[in-house]
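Peer 1: Please find one structure pasted underneath; my questions will follow.
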Amino acid sequence: MSISLKNIGKSYGAVKALSNISFDVKQGELFGLIGPDGAGKTTLFRILTTLLFPDNGEAKVSGYDIIRDFKDIRSHVGYMPGRFSLYQDLTVEENLNFFATIFGTTIAENYDLIKDIYEHIEPFKDRRAGKLSGGMKQKLALSCALIHKPRVLFLDEPTTGVDPVSRKELWEMLKRLQQKGITILVSTAYMDEASLCDRIALIQDGTILKIDRPQVIIDTFPSKIYNVKADSTYRLLQDLALYPDTHSVYPFGEYSHFTSADPDFKPSDLMRFLQEKQHSGIEVSETPATIEDAFMELSKASELIDN
Amino acid sequence: MKNDPAIHVENLTKMFGDFTAVNSISFQVGKGEVFGFLGANGAGKTTAMKMLIGISKPTSGQARVAGFNVRTHAEEVKNSIGYMSQKFSLYNDLTIKENIVFFGGIYGLPKSVLKEKTQALVDELGLHDHADALVRSLPLGWKQKVAFSVALLHNPKIIFLDEPTGGVDPITRRQFWEMIYREASKGVTIFVTTHYMDEAEYCDRVSIMVEGNIEALDTPNKLKERYQVGSMNEVFLKLARNIE
């Protein structure tokens with residue numbers, strides 16, 4: 001195992017940031033930690049990169065214990081924090097050189113690994129990092145995280161605040177790094193990125209809701225989901241909530257996702273109900289689940305247990 | 001006046017020296033519409049939006065927002081709109097109640113109205129136990145819901161939302177969109193800028209800006225049909241060129 005966690009817990013005063021987190025990431029796997037702001041993702045990254053002690057539990061990264069062998073871990077992992085953390089006053093090249101030197105290597109020695117990424121920003125190598133655009137900052141940060149040829153790469157919300165074109169580029173870069181044998185743990189709050197990972201852990205309020213391949217999570221969604229549409233979205237949401245045996249109603253883009261608790265639910269009955277409520281432009285059709293549906297279903301279930 | 005669009009833009013242009021940031025764009029947004037305004041970083045959407053909210057003067061062209069010309073009546077425009085962004089919306093060091101009073105005061109609401117509105121807002125969001133808690137201590141999703149309600153305090157005709165639900169947990173996010181639809185159903189116009197394409201899917205119509213121009217404007221469904229793809233993300237990738 002490249003990363004393994006057993007019962008990791010961490011509290012900040014009365015706030016429980018992580019409770020009993022356990023999972024394994026295999027060698028060469030692209031593993032996604034998917035959850036909203038405040039779920040505990042950054043705390044988990046900081047523990048695994050030896051910047052923070054857990055209150056309890058054990059974890060190993062690349063075979064090294066996060067507490068006993070913290071120095072070994074630091075030389076074998078690359079970490080790109082969520083906030084841009086390079087030196088704004090140094091140029092692109094100076095930043096890269098700085099990180100290479102700290103890890104006792106040179107840009108030339110590992111140029112192969114970063115070439116694909118660094119090429120994009122090399123024409124601006126004399127520009128100060130603080131003057132780069134968001135997308136270029138990110139490419140520089142990734143280059144710096146890779147310059148010592150780490151075995152494991154930690155990326156904390158690399159796509160937050162990044163436009164779709166740069167997001168797509170980033171995921172393509174990660175796939176190429178994975179092919180070079182690097183294990184990648186990446187976090188994101190954007191559920192639509194889950195399908196780009198080999199396996200994902202859905203995390204909320206410091207607890208893991210589920211770990212599996214994204215497609216398995218979608219395929220095992222417990223009920224049928226219907227796309228429902230009508231001309232007045234707001235009235236539709238309210239009326240759907242009133243329908244007998246409604247299990248869940250969520251706006252989902254231009255449709256609403258509807259599930260029923262009634263095993264004999266018939267779409268035609270729902271159509272009739274909406275017609276009686278004077279809706280126009282009604283559509284009801286079955287639709288496959290998404291990771292976001294699964295996330296909401298699981299978090300609803302875990303709240304019921306808590307209460 | 002009643003059938004006037006909420007936002008009417010004609011050949012709106014902004015130049016910075018030789019650089020054309022916004023190149024003669026034209027579009028209309030109807031009353032009560034949820035309109036998505038999309039574009040890659042550097043496409044010109046922030047510049048365009050600054051002109052619409054009356055804080056940047058167009059180089060040429062016209063824009064009327066809530067019936068007011070943004071060039072000649074910028075102050076009336078500002079009074080008629082609400083604004084909320086992911087990055088800045090509330091003061092972390094003030095409580096929920098203090099934020100409401102502060103922003104309501106800025107918009108000139110009388111004390112009696114403010115008191116009533118504060119109570120109504122706290123009731124509606126179910127925040128009785130937290131009304132005196134510092135905003136800092138709230139989860140992001142709650143903050144966003146409070147921020148949206150605060151942006152509505154002065155009964156604006158149009159609300160500008162800048163990436164309103166990025167990073168918010170999926171259930172709270174949906175509660176947020178229900179609030180948006182509720183306001184739209186009352187006739188409030190919603191203008192959303194975002195580069196998260198899943199947010200774009202919630203809009204009645206979306207425009208996509210590329211290098212200062214509006215390259216596409218239609219319902220998400222029609223755009224997906226036109227470009228023969230399954231999501232707004234793919235539509236965007238087909239249109240947007242990365243200018244970096």
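The values are calculated or read from the model by the stated rules, or taken from the named source; none is laboratory data. Bear in mind the structure is a predicted one, so any value in this text is a computation, not a measurement. Here the Cβ positions follow ideal geometry from the backbone for every residue, glycine too, while neighbour counts run over all protein chains shown. Just the protein is used for accessible areas: all its heavy atoms, side chains included, with ligands, DNA and RNA removed. Shrake-Rupley method; radii C 1.70, N 1.55, O 1.52, S 1.80 Å.
Peer 1: For region A:13-42, list whatever residues lose no less than 50 Å² of accessible surface once every protein chain is in place, relative to that chain by itself, with the probe at 1.4 Å.
Peer 2: For region A:13-42, once contacts with the other chains are taken into account, A:Asp37 lose 50 Å² or more.
Peer 1: If you take the accessible area of A alone, add that of B alone, and subtract the area of the pair, what total do you get in Å², probe 1.4 Å, to the nearest 100?
Peer 2: 2800 Å²
Peer 1: Given springs between every Cα pair under 10 Å in a Gaussian network model of chain A, which of A:Asp198, A:Asp231, A:Asp163 has the largest fluctuation?
Peer 2: A:Asp231
Peer 1: Which whole-number value in Å² is the accessible area per residue of chain B, probe 1.4 Å?
Peer 2: 43 Å²
Peer 1: Same structure again: Can you work out the FRET efficiency for the pair A:Arg272 and B:Arg182, with r the C-beta to C-beta distance and R0 = 22 Å, to the nearest 0.05?
Peer 2: About 0.30, to the nearest 0.05.
Peer 1: Right, here's the next one. Summing -39500 (n - 2.57) over the DSSP H runs of n ≥ 4 in chain A and dividing by its residue number, what mean residue ellipticity at 222 nm do you reach, to the nearest 500 deg cm²/dmol?
Peer 2: Theoretical 222 nm ellipticity from helices: -10000 deg cm²/dmol.
Peer 1: What aspartates and glutamates does B:Lys157 reach when the alpha-carbon gap must be under 15 Å and sequence neighbours fewer than 8 apart in one chain are set aside?
Peer 2: B:Asp4, B:Glu33, B:Glu75, B:Glu76, B:Glu183
Peer 1: Report B:Leu138's accessible area, 1.4 Å probe, all protein chains in place, as a number in Å² to the nearest 10.
Peer 2: About 10 Å², rounded to the nearest 10.
Peer 1: Can you tally the lysine pairs in region A:6-124 where the Cα-Cα distance is under 23 Å and the two residues are eight or more apart, or on different chains?
Peer 2: 16
Peer 1: Treating only the Cβ atoms of Lys and Arg (+1) and Asp and Glu (-1) as charged, compute the dipole magnitude of the protein assembly as shown about its Cα centre; round to the nearest 20 debye.
Peer 2: It comes to approximately 1080 debye.
Peer 1: Right, next: Hey, what angle do you get for helix B:140-151 against the long axis of chain B, alpha-carbon based, 0 to 90 degrees rounded to 10?
Peer 2: 90 degrees
Peer 1: At 0.36 nm per residue, and after removing the present C-alpha to C-alpha distance, how many nm does the segment from A:Gln179 to A:Asp198 gain when stretched out fully?
Peer 2: 5.6 nm
Peer 1: Taking the Cα centre of chain A as origin, work out the dipole magnitude from +1 charges on Lys and Arg Cβ and -1 charges on Asp and Glu Cβ, in debye rounded to 20.
Peer 2: 1000 debye
Peer 1: I would also like to ask the following. Taking only Cα atoms, what is the 0 to 90° angle, nearest 10, from helix B:111-125's long axis to the longest principal axis of chain B?
Peer 2: On a 0 to 90 degree scale, this one is about 80.
Peer 1: What's the magnitude of the charge dipole for chain B around its Cα centre, counting Lys and Arg as +1 and Asp and Glu as -1 at the beta-carbon? Answer in Debye, nearest 20.
Peer 2: So the dipole magnitude of chain B works out to roughly 460 debye.
Peer 1: Straight-line reach from B:Lys14: which lysines have Cα under 19 Å away, leaving out those fewer than 8 places along the same chain?
Peer 2: Of all the lysines, those that pass the test against B:Lys14 - Cα under 19 Å, at least 8 places apart if same chain - are B:Lys45, B:Lys50, B:Lys57.
Peer 1: Now a separate question. Among A:Tyr118, A:Ser195, A:Leu298, which residue has its Cα positioned farthest towards the positive end of the charge dipole of chain A, with +1 placed on the Cβ of Lys and Arg, -1 on the Cβ of Asp and Glu, and the dipole taken about the Cα centre?
Peer 2: Farthest along the dipole direction, towards plus: A:Tyr118.
Peer 1: How much of the DSSP bridge set in the protein assembly as shown is antiparallel, in percent, rounded to the nearest 5?
Peer 2: The antiparallel proportion sits near 60 percent.
Peer 1: Still on this structure, I have one more. Tally up the carbon and sulfur contribution to the accessible surface of the protein assembly as shown as a whole percent, 1.4 Å probe, everything protein left in place.
Peer 2: So the carbon and sulfur contribution to the accessible surface is 49 percent.
Peer 1: Here's something else I'd like to know. Against the longest principal axis of chain B, how steep is helix B:96-106, in degrees 0 to 90 to the nearest 10, with axes from Cα atoms?
Peer 2: Approximately 60 degrees, to the nearest ten.
Peer 1: What number comes out for accessible area per residue over region A:222-288 if the probe is 1.4 Å? Units Å², please.
Peer 2: 51 Å²
Peer 1: Taking only Cα atoms and a 10 Å spring cutoff, compute GNM fluctuations for chain A and point out the largest among A:Leu132, A:Leu185, A:Leu270.
Peer 2: Of A:Leu132, A:Leu185, A:Leu270, the Gaussian network model singles out A:Leu270 as fluctuating most.
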